[in-house]
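Scroll down for the structure; my scribbles are underneath it.
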Amino acid sequence: MQRSKIAGIGYYVPKNIFTNEDLKKYMDTSDEWIQERTGIKERRYADRSGETTTTMGVEAAKIAIERAGITPQDIDFIVFATLSPDYFFPGCGVLLQRALQMKEIGALDVRNQCSGFVYALSVADQFIKTGMYKNILVVGSEKHSFGLDFSTRGRNVSVIFGDGAGAVVLQPTDLSTGQGILSTHLHSDGSSAEILAMYNPGTHANHWLPQPVANFDDAEIGEMFMSHAMIDEAQNFPNMDGPAVFKKAIVKMPEVVEEALAANGLTTADINMLIPHQANLRIAQFVQHKLKLRDDQVHNNIQKYGNTTAASVPIALCEAWEAGKIKKGDLVCLAAFGSGFTWAGALIRW
Ligand SMILES: CC(C)(COP(=O)(O)OP(=O)(O)OC[C@H]1O[C@@H](n2cnc3c(N)ncnc32)[C@H](O)[C@@H]1OP(=O)(O)O)[C@@H](O)C(=O)NCCC(=O)NCCS
């Protein structure tokens with residue numbers, strides 16, 4: 001049996017900086033409110049004419065592939081995590097395969113929102129451990145800026161999210177090196193699926209919603225997926241009960257870290273670097289406090305990028321590594337929580 005190791009890592013964020021002051025042009029909000037509640041000062045928005053979830057993923061992937069010392073043609077499997085795909089279908093994995101002119105390899109899309117990258121990493125890890133693949137590209141990328149309600153109605157959601165992408169290349173490594181992904185831990189609780197969700201377009205037919213979001217009874221057969229009424233009522237934007245998300249996240253994120261440590265006979269004192277999903281600086285601080293970690297054991301960058309969902313963990317991981325905060329032999333812990341609810345953790349010996 002072998003382990004998988006991160007052989008290359010990269011990230012990409014768009015050049016366009018959107019500050020809290022810029023948001024004030026569209027909605028009733030303030031820099032003070034946003035910073036106090038979320039820690040976010042600014043975020044990046046994709047270039048409107050050219051950048052997509054896939055193209056940002058491609059840029060991050062190119063760096064990760066080069067740092068792994070291989071070429072796109074050496075990649076034998078793609079796992080692409082996003083909640084903001086270029087198309088409803090097909091997924092971004094095949095678009096990335098095309099853009100990088102890869103071989104006719106498998107391309108899998110993961111729809112696990114904020115925990116998507118850790119889920120994707122876990123899937124890739126299993127394929128490496130069984131020996132099925134040798135060079136797997138794992139990508140997390142999001143273009144939120146196209147799908148947010150920038151009016152005051154949507155301000156509790158739209159101020160939080162930003163665009164960007166991160167990627168890693170996983171390769172096998174011998175157990176004797178001690179290096180690599182030690183374990184991954186995946187969880188879900190669908191009882192709260194509608195608390196953080198985008199309902200339309202979709203096929204839900206109002207089955208589970210607390211309040212109907214579209215009048216399907218009166219709709220013509222061709223209007224049930226996306227109609228003018230849905231757009232008029234802003235039903236094509238994400239909904240979030242922020243306080244409910246907050247309460248669950250501050251319990252489940254530390255829990256999955258403890259679970260990962262226990263599975264490997266380790267304690268929080270052994271962690272050199274925790275990369276928490278950048279949901280909200282206050283959530284990350286709660287997690288740090290609960291686990292009694294020092295500031296130098298945690299890397300946060302939400303102040304600059306906002307919450308980039310599936311991209312947040314690989315961007316923060318790459319940034320911490322580039323800054324020299326993660327060195328060979330270090331114990332790195334990833335922890336993510338998001339819509340679903342789903343949450344996940346991973347422990348890596350760098
Ligand atoms: C969204 C979040 C920042 C809101 O903070 P909060 O302290 O819970 O605030 P509430 O939602 O209770 O709203 C408090 C008030 O601020 C207002 N408000 C919401 N967004 C605002 C904004 N961008 N600017 C100014 N005021 C805003 C609300 O309308 C409400 O006003 P009211 O008291 O007059 O009704 C917070 O709940 C949070 O971060 N939750 C987790 C979200 C998250 O991480 N999501 C990603 C999951 S991975």
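Before moving on, here are some points about what is shown:
- Number of the exception - residue 259 against (1) surrounded by fewer than 22 Cβ atoms within 10 Å (Cβ to Cβ); (2) within 14 Å of the ligand (Cβ to nearest atom): (2)
- Elements of type helices (runs of 4 or more DSSP H) in the stretch 1-73, at least 3 residues being more than 16 Å from the ligand (Cβ to nearest atom) and in contact (Cβ under 8 Å) with a residue 24 or more places away in the chain: 53-67
- Residue satisfying all of: in the stretch 121-163; hydrophobic (A, V, I, L, M, F, W, C) and surrounded by fewer than 17 Cβ atoms within 10 Å (Cβ to Cβ); farthest from the ligand (Cβ to nearest atom) among these: 132
Residues are listed down the side, and each one gets a yes or a no for (1) without any contact (Cβ under 8 Å) to a residue 60 or more places away in the chain; (2) away from the ligand (no atom under 14 Å from the Cβ); (3) part of a helix (DSSP H, G or I):
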residue: 278; (1), (2), (3): yes, no, no
residue: 282; (1), (2), (3): no, no, yes
residue: 287; (1), (2), (3): yes, no, yes
residue: 300; (1), (2), (3): no, no, no
residue: 312; (1), (2), (3): no, no, yes
residue: 319; (1), (2), (3): no, yes, yes
residue: 326; (1), (2), (3): yes, yes, no
residue: 345; (1), (2), (3): no, yes, no
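- Residues considered: 213, 159, 251, 169. Of these, the only one that is assigned by TED's automatic domain parsing to the domain that holds residue 322 and either over 21 Å from the mean Cα position of the chain (by Cα) or of a type in the set (Val, Ile, Thr) (or both) is 251.
- Every residue from the stretch 215-262 that is at pLDDT below 85, of a type in the set (A, V, I, L, M, F, W, C) and either assigned to a loop (DSSP other than H, G, I, E, B) or farther than 22 Å from residue 148 by Cβ (or both): 216, 219, 221, 224, 225, 226
- Residue 32 vs. criteria more than 13 Å from residue 311 (Cβ to Cβ) and over 21 Å from the mean Cα position of the chain (by Cα): yes
- Looking across the stretch 328-343, the residues that are under 21 Å from residue 247 (Cα atoms) and part of a strand (DSSP E or B) come down to 334, 335, 336, 337, 338, 342, 343.
- Checking every residue in the stretch 195-212 against the condition of being aromatic (Phe, Trp, Tyr), more than 16 Å from the ligand (Cβ to nearest atom), out of contact with any Ser or Thr (no Cβ under 7 Å at 6 or more places or on another chain) and closer than 21 Å to residue 115 by Cβ gives at least one match.
The values are calculated or read from the model by the stated rules, or taken from the named source; none is laboratory data. Just so it is clear, the structure is predicted and the values come from calculations on it, not from any experiment. For neighbour counting, all protein chains shown are included, and Cβ atoms are generated from backbone atoms with ideal geometry for every residue, glycine included.
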